[in-house]
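Remarks on the structure that follows.
Each value in this text was obtained by applying a stated rule to the coordinates, not by laboratory testing. Being a predicted model, the structure only gives us computed values, none of them experimental. When we count neighbours, we look across all protein chains shown, and the Cβ atoms used for this are built from the backbone with ideal geometry, even at glycine.
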Amino acid sequence: MGLRPDQIARIQDLQERLAEVFLIEADPDNWNGAGKLPTEMSRDERGDRHWDRKGAMGTGAVLKYTMDIVQHSTTGGGVEVSDDDLEDKIKQAEAKAKKALARVMNKSAGKDEYDKRIGAKG
């Protein structure tokens, strides 16, 4: 399952656009509550800031994935990938994503519980 030159060019164009978005999203000056200490932020600002970081991480992950695809395609990885192999890789990635989401949700629930215990105001 090799990529055609036109597909590689389209992915490279996508990379450039993703890189521009990533540079904006990853800049802490663009996050909610920029310039404030965490103790000065409202609960909503802290939560929104958390999702700002998560969004940047997600964009960065997609960018890295496109870079890996192009690198593999242009270095002549030359290894044909069967549909079964690709399906296995997709299932593995989905399982990792589910675990990561569970960790994030558990941490979020833990943060809510912590805020309740200390009587944090938002």
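Students often get this wrong: which residues of segment 1-32 have the backbone nitrogen under 15 Å from the point 7 angstrom along Cα-to-C-beta of Ile90?
1
Describe numerically, in nm with one decimal, the distance between label points set 7 Å from Cα along Cα→Cβ at Lys36 and at Arg4.
It is 5.1 nm.
How would you rank 7-14, 95-102, highest first, on the average number of other Cβ atoms within 10 Å across their residues?
Listed from highest to lowest mean packing, they are 7-14, 95-102.
Count charges around Asp27 for me, please; just the other residues with Cβ under 14 Å from its Cβ, Lys/Arg as +1, Asp/Glu as -1.
Combined, the nearby Lys, Arg, Asp and Glu give -2.
Between His50 and Asp13, how many nm apart are label points set 7 Å from Cα along the C-beta direction?
3.9 nm
Filter Lys36/Lys99; Lys64/Lys91; Lys96/Lys116; Lys36/Lys107; Lys64/Lys96; Lys36/Lys96 down to the pairs with a C-alpha to C-alpha distance above 28 Å, please.
As for pairs spanning more than 28 Å Cα to Cα, those are Lys36/Lys99; Lys96/Lys116; Lys36/Lys96.
Where does the charge balance sit around Ile11 when Lys and Arg score +1, Asp and Glu -1, over other residues with C-beta under 12 Å from its C-beta?
So the environment of Ile11 carries a net charge of -1.
Treating only the Cα positions of segment 6-60 as identical point scatterers, give the base-10 log of I(q)/I(0) from the Debye formula at each q in 0.12, 0.19 Å⁻¹.
-0.36, -0.66
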